[in-house]
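Peer 1: Handing you a structure now.
Throughout, read-outs are computed from the coordinates displayed, never taken from laboratory work. The model shown is predicted, which means the values in this text are computed figures rather than measured ones. Positions of Cβ are generated from backbone atoms using ideal geometry, with glycine treated the same way; all protein chains shown enter the neighbour counts.
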Amino acid sequence: MDANSPLKASLSASRALKLVLSVNGRDHRLSLDPRVTLLDALREHLGLTGTKKGCDQGQCGACTVHVDGQRVLSCLTLAASVEGKAVTTIEGLALDESTLHPMQQAFMDHDAFQCGYCTPGQIMSAVACVMEGLAETDDDIREYMSGNLCRCAAYPNIVAAIKQARAEMKRSRK
Amino acid sequence: MRPFSYERAHDLASAIRAASHQADAPLHAPIQFLAGGTTLLDLMKIDVMRPDRVIDINPLEKTFSEITVTPMGLRLGALARMSAVAHHPAVEREYPVVSQALKLGASAQLRNMASLGGNVLQRTRCSYFRDTSWHECNKRDPGSGCAALQGLNRKHAILGTSEHCIATYPGDFAQALIALDAAVEIAGAKGNREVPFRTLHKLPGDTPHIETSLATGEIIVSFHIPAGAYARRSLYLKVRDRESYEFASASAAVALDLADGVVREARIALGGVATIPWRAVEAEDVLKGTMLDEVRARVAAEAAFAGARTFGGNDFKPELGRRTLVRALLEAAALEIR
């Protein structure tokens, strides 16, 4: 990547912030320009490219991650502002090396994507939606998933996937 | 994004002190407070806001995010997130217009991020304000003109406009606060003050860049919503181009105190149609002491929009606004209260 890219802008040391970010249960020491968003920190500095950059202005939901268990948009979050909080990305969702999260499996079972670019954001948002108790009806799923756009329009399959995962997640909580 | 320095606030007083010596109107000031960031970072990315110092007030969240329900009313800390308040059981039950206005705003992710204080201060979605390639925008650059007057103004305001600005106030929660006669508590260098929420936003007039009565360095710390007979019989109706995740084309926050169908008191605030969260006092006066039916609601709606001025693209808005208000009033009147 170009050294002049704003994503890794190398300003004087006095401007750089020394941060410890906790991502998927691991602490990472970083020295970042204050402008770096959580999204760019994940993708460009930690190599976690599962989280996608869609609009980069808080409109599409592709960059959705969890911060302290809450779904948020990483493109409108400064990396510096999540120091001391627990960040979870799509890479940290699977239960172990060989077992996908029920939501990941459900998206595959229901073919809930076409190009797949919005999918990590959809899945992170959907997991939170179920945990919030806001995925009880199809209408609720559509309403509370409205912050995740899918330009391939896989919406009916996404709703179906969430319903399958909802049942699995409820079972596994017991 | 332009370079800025970042620091965290450790207490309210030092944050206020740091930001109190700026000359500009607060929304243009070089020192900005960061809460949810959903407006600030968005506008910094598109170069509309250009702070050189950002003070993160999120470390103060624990102190300033409490939701307190008492017989006297509801107190909401300004750093409470939209989602926490929207889904609070007592807010849903006792202050439905507050819960509904919050749930119908933005998306689930944004509601988890956005604070109440930031929500009421969100900036207009006027595309000429947001796109710096237009040099005419009196909000962004005082004295430069208003491109929306002759431009694409389908989404622009019809109430409270001036020859200098017709940008729509985009929020929903503020209308609920006005309908319930809320107060806002503001902390500043000289201490705290509590003022009626409806005095927070200022009409554009010939100074559209001054959007609120906040002084530099001041921070909203809480909202206080009095318990009133009309709080339970309240609702928020939002009409928009999409079913979800869209700003209002027209909206109405309505709260009624009814006795046997007669209106003892009506509170009405309109969204999507005005330059500020708009209290429709004329419509309230029409309803007071009358039997509320469809005919009366229509008369009230006519009064609410009597002063409307349209600009071509938004010629449809007075009628949409009237119909939205009529429906909101009739639905509120029909609510079963426990």
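Peer 1: So how strong a dipole does the protein assembly as shown carry about its Cα centre when Lys and Arg Cβ are +1 and Asp and Glu Cβ are -1, to the nearest 20 debye?
Peer 2: In debye, rounded to 20, the protein assembly as shown gives about 280.
Peer 1: Something else: Would you please give the residues with an amide H less than 5 Å from that of B:Gly73, counting only those at least 5 places away or on a separate chain, with H modeled from the backbone geometry?
Peer 2: The list, which skips near neighbours in sequence, is B:Ala227.
Peer 1: Let me ask you something else. Any chance you could tell me what percent of the C-alpha pair distances in the stretch B:42-162 go past 18 Å?
Peer 2: 63
Peer 1: Counting only Cα atoms, I'd like the Rg/Rh figure for the stretch B:251-290, Kirkwood definition for Rh.
Peer 2: Value, to two decimals: 1.04.
Peer 1: As a test, work out the antiparallel percent of DSSP beta bridges whose residues both lie in the protein assembly as shown, rounded to the nearest 5.
Peer 2: 85
Peer 1: Still on this structure, I have one more. Indicate the gyration tensor shape class of the stretch B:269-313 (rounded, prolate or oblate), computed on the Cα atoms with a ≥ b ≥ c the square roots of the eigenvalues: a/c under 1.5 is rounded; otherwise a/b larger than b/c is prolate and the rest oblate.
Peer 2: It comes out prolate by the Cα gyration axes.
Peer 1: Oh, and also: Calculate the translational D of the protein assembly as shown in whole µm² s⁻¹ from Stokes-Einstein, where the hydrodynamic radius comes from the Kirkwood formula applied to all Cα pairs, the temperature is 20 °C and the viscosity 1.002 mPa s.
Peer 2: Details: Rh = 23.9 Å.
For these conditions, the coefficient is 90 µm²/s.
Peer 1: Cut-off is 10 Å between beta-carbons; in what order do B:Met82, A:Met131 appear when sorted fewest neighbours first? Write down the numbers at each step before the final one.
Peer 2: Working: B:Met82 26, A:Met131 16.
So the ranking, lowest neighbour count to highest, is A:Met131, B:Met82.
Peer 1: Can you compute the charge dipole magnitude of the stretch B:236-334 about its Cα centre, using +1 on each Lys and Arg Cβ and -1 on each Asp and Glu Cβ, nothing else charged? Give it in debye, rounded to the nearest 20.
Peer 2: I would put it at about 200 debye.
Peer 1: Per residue of B:109-118, what is the mean number of Cβ atoms on other protein chains within 10 angstrom of that residue's Cβ?
Peer 2: Average neighbour count from other chains, rounded to a whole number: 5.
Peer 1: If you don't mind, there's one more thing I want to ask. Please go through the stretch B:108-207 and write out the GluC sites (Glu not before Pro) that DSSP classes as loop and that have at most 14 other C-beta atoms within 10 Å.
Peer 2: B:Glu163
Peer 1: Can I ask one more? Straight-line reach from B:Lys317: which lysines have Cα under 21 Å away, leaving out those fewer than 8 places along the same chain?
Peer 2: B:Lys155, B:Lys238
Peer 1: How are the alpha carbon pair distances in the stretch B:236-334 distributed across 10 Å bins from zero to the largest one, expressed in percent?
Peer 2: Computed distribution, short to long bins: 17, 52, 25, 6, 0.
Peer 1: For the stretch B:5-59, taking Cα atoms only, what is the radius of gyration to one decimal and the Dmax to the nearest whole Å?
Peer 2: Over the stretch B:5-59's Cα set, Rg and Dmax evaluate to 10.7, 31 Å.
Peer 1: Roughly how large, in nm² to one decimal, is the mean projection of the convex hull of the alpha-carbon atoms in chain B?
Peer 2: 16.2
Peer 1: I've got another one for you. With charges set only on the Cβ (+1 for Lys and Arg, -1 for Asp and Glu), what does the dipole of the stretch A:102-173 come to about its Cα centre, in debye to the nearest 20?
Peer 2: Around 180 debye, computed over the stretch A:102-173.
Peer 1: Would you mind pulling out the separation of the Cα centroids of the stretch B:247-319 and the stretch B:1-29, in Å?
Peer 2: For the stretch B:247-319 versus the stretch B:1-29, the Cα centre distance is 38 Å.
Peer 1: Starting from the Cα of B:Val295, step 7 Å along the direction of its Cβ; do the same at A:Arg15; then give the gap between the two resulting points in nm.
Peer 2: 6.9
Peer 1: Sort largest first and round to whole Å: the equivalent ellipsoid semi-axes of chain A, each the square root of five times a Cα gyration tensor eigenvalue.
Peer 2: Gyration-tensor ellipsoid for chain A: 30, 17, 13 Å.
Peer 1: To make sure I understand the rule: partners must be aspartates and glutamates, Cα under 15 Å from the Cα of B:Lys103, and not fewer than 8 residues away in the same chain. Which ones qualify?
Peer 2: A:Glu132, A:Asp139, A:Asp140, A:Glu143, B:Glu92, B:Asp172, B:Glu243, B:Glu246
Peer 1: Give the cross-link partners of A:Lys18 among the lysines, using a straight C-alpha distance below 26 Å as the criterion and excluding same-chain residues fewer than 8 apart.
Peer 2: Counting by Cα, and skipping residues close in sequence, A:Lys18 has these lysines nearby: A:Lys8, A:Lys52, A:Lys53, A:Lys85, B:Lys45, B:Lys62.
Peer 1: Net charge around B:Ala29, counting only other residues with Cβ within less than 13 Å of its Cβ (Lys, Arg = +1; Asp, Glu = -1)?
Peer 2: -2
Peer 1: While we're on this one: Run the simple label-point estimate for B:Glu136 and B:His87 please: 7 Å along Cα→C-beta, distance reported in nm.
Peer 2: 4.6
Peer 1: Ignoring everything except DSSP H segments at least 4 long, calculate the 222 nm mean residue ellipticity for the protein assembly as shown; use -39,500 (n - 2.57) per segment, divide by total residues, nearest 500. All intermediate terms of the calculation are to be shown ahead of the outcome.
Peer 2: On the way: 16 runs with 138 residues, N = 512.
Taken over the protein assembly as shown, the calculation gives -7500 deg cm²/dmol.
Peer 1: Give me the base-10 log of I(q)/I(0) for the stretch A:69-162 at each q in 0.19 Å⁻¹, Debye formula, one uniform scatterer per Cα, rounded to two decimals.
Peer 2: Those come out to -0.93, one per q.
Peer 1: For the stretch B:236-334, with the dipole built from +1 on Lys and Arg beta-carbon atoms and -1 on Asp and Glu ones, taken about the Cα centre, which of B:Thr324, B:Ala283, B:Ala308 lies farthest toward the positive end?
Peer 2: The one lying farthest along the dipole's positive direction is B:Ala308.
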